[in-house]
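Shown next, in structure tokens, is the structure this report addresses.
The values are calculated or read from the model by the stated rules, or taken from the named source; none is laboratory data. Remember, it's a predicted structure, so these values are computed and weren't measured experimentally. Note that each Cβ is placed from the backbone with ideal geometry, even for glycine, and that neighbours are counted across all protein chains shown.
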Amino acid sequence: MVLISLAPADCLASSMVDGMETGQKMAMSDRVTPGRDPGSRCDASVPFAKLQALGNDFVFLSQHHLRASAAGRDLLDNFAEKGALLARRLCDRHFGIGADGLILVAESDNALCQLSWSYFNADGSAAMMCGNGLRCLALYAVDNQLVDSGQFSISTGIGPVPVVFESPERITTDLGQPILESALIPVAGEPRSQVLKESLTIGGLSFSVTCVSMGNPHCVVFESGLKESDFRVLAPRMQELSFFPQGVNVEFVDIVDRSHARVFVWERGCGPTLACASGAAATLVAGVLEGRLERSAVIELPGGNLKVTWLSDKGHVLISGPASCSYKGVLDLGAFLPTEKRA
């Protein structure tokens, strides 16, 4: 584990830690100029952590730590607006820390949950669900003694998510029942109970798609016969279709056998990622609905494997996989957020 400090004079150092990966591009107005506001130096330092699950990586901030500074309290008071801007800046792999998303760990108002979260994608869009982010949050909670045992629940936008923490290599989350109704996923057209093997045409190519929501919308395409270079062109065009009024995560899937599928993911708000746990869940559900997969299977993603099970009794989807902490550090919020000009 590496400990680093991000202050205005050295806020570009994290791009070295992230290996100068190609990531999301920011508008010029979102880019950070180190030290551009001398008044912001050293008066808004907060701890952060960088965690990853199968290469799907996240910057973590804590409500508890943010309350310790005026800048942090201001961020919490205006998190819907400023959190989106902060996510874009922190997640940029050249001008920030670099990540697929920003996670704020907070206390829960739900008596059934030990903690809650707010999640922003790298482009600043909010999301209710991120399966890999939840496993990272589980590890963060255990490492920072925010929970009393290895079994606890996290409050999310789709309700409480139960977690079983056995080790950093095996963390299981219960994402609940998949949403299959078209209006709730959502997809366009007349309401229907399932969106199963429907035809979509992009660039003169026709695809059979099955759509599922795991708290976020997914479009699953099996055995397209295309190369990864084709996926990278077609997936963002698919996301822009009016068929998906709230956008969509896209999974292109090759079936290895009935208990093993290989997936390429293009995430809403992130683009191509090494892993998407909710996408793995959607892949299994779609595979079962299409008669291609068993109810329990290994879903292979570019960053590694997840074990996904769709329970036949309760209908809940369970995901098991690893998470790890890459490094911890301290950042100056004044380097990433605009501050009031001093007289």
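Which count do you get for residues in the range 274-302 that are surrounded by fewer than 24 Cβ atoms within 10 Å (Cβ to Cβ) and under 14 Å from the mean Cα position of the chain (by Cα)?
Restricting attention to the range 274-302, the residues satisfying the condition of being surrounded by fewer than 24 Cβ atoms within 10 Å (Cβ to Cβ) are 274, 288-292, 294-296, 298, 300, 302.
Narrowing further to those that are under 14 Å from the mean Cα position of the chain (by Cα): 274.
So the count comes out to 1.
Which ones in the range 124-150 are charged (D, E, K, R), surrounded by fewer than 21 Cβ atoms within 10 Å (Cβ to Cβ) and not in a loop (DSSP other than H, G, I, E, B)?
Of the range 124-150, the ones charged (D, E, K, R) are 135, 143, 148.
Now restrict to residues that are surrounded by fewer than 21 Cβ atoms within 10 Å (Cβ to Cβ): 143, 148.
Across the range 124-150, the qualifying residue is only 143.
Does residue 254 satisfy the condition of being touching a Lys or Arg at 6+ places or on another chain (Cβ under 6 Å), in the same structural domain as residue 217 (by TED's automatic domain parsing) and surrounded by fewer than 22 Cβ atoms within 10 Å (Cβ to Cβ)?
yes
Please note which strands (runs of 3 or more DSSP E) are completely contained in the range 196-270 and include at least 3 residues that are over 23 Å from residue 174 (Cα atoms).
On the way: elements: 205-213, 217-222, 249-257, 260-267.
Hits in the range 196-270: 205-213, 249-257.
Determine whether the range 33-53 contains at least one residue that is over 16 Å from residue 270 (Cβ atoms), in contact with a Ser or Thr (Cβ under 7 Å, 6 or more places away or on another chain), modelled with pLDDT under 50 and not charged (D, E, K, R).
For the range 33-53, residues over 16 Å from residue 270 (Cβ atoms), in contact with a Ser or Thr (Cβ under 7 Å, 6 or more places away or on another chain), modelled with pLDDT under 50 and not charged (D, E, K, R): present.
How about the range 90-123: which of its residues are in contact with a Ser or Thr (Cβ under 8 Å, 6 or more places away or on another chain) and either polar (S, T, N, Q) or assigned to a helix (DSSP H, G or I) (or both)?
Within the range 90-123, 108, 110, 114, 116 meet the criteria.
In this structure, does residue 287 turn out to be outside the structural domain of residue 90 (by TED's automatic domain parsing) and out of contact with any Gly (no Cβ under 9 Å at 6 or more places or on another chain)? Even if it seems obvious, please write down each step before you answer.
Working: outside the structural domain of residue 90 (by TED's automatic domain parsing): yes; out of contact with any Gly (no Cβ under 9 Å at 6 or more places or on another chain): yes.
Yes.
Please list, ordered by first then second residue, the pairs with beta carbon atoms under 7 Å, 6 or more apart or interchain, first in the range 66-88 and on the phi > 0 side of the Ramachandran plot, second of a type outside the set (Ser, Thr, Tyr).
Nothing qualifies.
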